[in-house]
Amino acid sequence: MDINEICVVGAGTMGHGIAQVAAMHGYDVVMVDIKQEIIDSAFEKIKASLNKLAEKGKFDANKIDDVLERIKGTTKLEDAKNSDFVIESVPEVMEIKQDVFRKLDEICHREAIFTSNTSALSITEMASVTKRKDKFAGMHWFNPPQIMKLIEVIKTIDTSEETLNTVVNLAKEFGKEVVICKDSVGFIVSRALQAFVTECIRILEEGVASAEDIDKAIKLGLNHPMGPFELLDFTNGIPVIFHAGEVMRKVYGERFTVPQTVRMLYYSGRHGRKSGRGFYDYTKGEKE
């Protein structure tokens, strides 16, 4: 199908970057969020990102205004009525996502494709509240979306081949590498990452080594660009790890039990760099 307009629901941590990518590739974008201040902040972040890419010679500075003009920010979900493709990127809570899709199903035209940027939740369960299960798929981006090369495309037993091909082709058009997987909680990357990070946190909790030394060991021993705690802080990923762990434990058992440290950080609001603190303290600039 032809895609002329893309709607991104959620302009926060991931949503604004997804909107940026779509607009950079020539699409008109409707970027929806419940708060105008989040939308205003999103535009500031998009502009800063485009300027940074231009400084590095990875984007034409003369096209920055064109990209920004392609994005319409709105607090009205009804403005998605003409969108041909939806990418949902709201908080990782099934009830919130289902509520969004239930409303969009009434707003959008019948041929519009729905996708979710969930990192772990069931696509089938999300699609169950709509009348377009064949036009529903997962499209899991990685943070930051304008930089990371991978998109996981998730198909349910109801996802049509036409829908799957459209999602995959759009991801490739965005310059991304694609992996396809069946709908299962955690998909590929989140399931593997959850197990890896959980074990690193257990090493920390058992007093075997400090967070700094665990990060150093993983970076130098496994050639990772970041250690697990640096990664979680950089991506503000503590809420994601918390919610994903809660869901995965119900499906896969106790090995995915959320560590107490993650619970403490989540409920205290220490979610990473964005909040000033996570596993490390960033209130004075660099991590401590």
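Here, each number is a calculation from the coordinates, and none is a lab measurement. Being a predicted model, the structure only gives us computed values, none of them experimental. Virtual Cβ from ideal backbone geometry, glycine too; neighbours counted across all protein chains shown.
Label separation (Lys250 vs Glu69): 4.7 nm, computed from points 7 Å beyond Cα along the C-beta direction. Pull up the cross-link candidates among the lysines for Lys72, meaning alpha carbon to alpha carbon under 16 Å and not fewer than 8 places away within one chain. Of all the lysines, those that pass the test against Lys72 - Cα under 16 Å, at least 8 places apart if same chain - are Lys35, Lys45, Lys47, Lys81.
Compute the convex hull volume of the Cα atoms of the stretch 149-243, divide it by the residue count, and report the result per residue in Å³ as a whole number.
With only Cα atoms used, the stretch 149-243 gives 112 Å³ per residue.
Helical content alone sets the calculated 222 nm signal of the chain at -13500 deg cm²/dmol, taking -39,500 (n - 2.57) per DSSP H segment of four or more residues and averaging over every residue. Of all beta bridges DSSP finds with both residues in the chain, what is the antiparallel percent, to the nearest 5? Restricted to the chain, the bridges split so that about 15 percent are antiparallel. Principal axis extents of the Cα atoms in the stretch 223-288, from largest to smallest and rounded to whole angstrom, are 40, 32, 15.
Using the reciprocal of the averaged 1/r over all distinct C-alpha pairs, how large is the Kirkwood radius of the chain in Å? Before the final figure, lay out the partial values.
Details: mean 1/r = 0.0507 Å⁻¹.
Final number for the Kirkwood radius of the chain is 19.7 Å.
Taking the C-alpha atoms only, the angle from helix 94-107 to the longest principal axis of the chain is near 10 degrees. For the stretch 89-120, trypsin sites (Lys or Arg not before Pro) are listed when DSSP marks them as loop and at most 15 other Cβ atoms sit within 10 Å of their Cβ; the list is Arg110. Shown in residue order for the stretch 24-29 are the 3J(HN,Hα) couplings computed by the Karplus curve 6.51 cos²θ - 1.76 cosθ + 1.60 at θ = phi - 60°: 5, 9, x, 8, 6, 10 Hz (x for Gly and Pro).
What does the charge count near Ala112 come to, summing +1 for each Lys or Arg and -1 for each Asp or Glu among other residues with Cβ under 10 Å from its Cβ? Mind dumping the intermediate values first?
Values: positive: Lys81, Arg110, Arg132, Lys135; negative: Glu5, Asp84, Asp105, Glu111.
Local charge sum for Ala112: 0.
Across the stretch 188-203, rounded Karplus estimates of 3J(HN,Hα) from the backbone phi angles (6.51 cos²θ - 1.76 cosθ + 1.60, θ = phi - 60°) give 9, 5, 5, 5, 5, 5, 4, 5, 5, 5, 4, 5, 4, 5, 5, 4 Hz, Gly and Pro being marked x.
Three principal axis extents describe the C-alpha atoms of the stretch 138-199; from largest down they are 40, 29, 11 Å. Over all Cα atoms in the stretch 96-220, the spread is summed up by Rg and Dmax: 17.7, 56 Å. Each other residue within a Cβ distance under 12 Å of Val208 adds +1 if Lys or Arg and -1 if Asp or Glu, for a net charge of -3. Cross-link pairs exceeding 30 Å in C-alpha to C-alpha distance, out of Lys52/Lys172; Lys172/Lys250; Lys56/Lys182; Lys149/Lys274; Lys58/Lys172, comprise Lys172/Lys250; Lys56/Lys182.
The angle between the Cα long axis of helix 211-222 and the main principal axis of the chain comes to about 70°, on a 0 to 90 degree scale.
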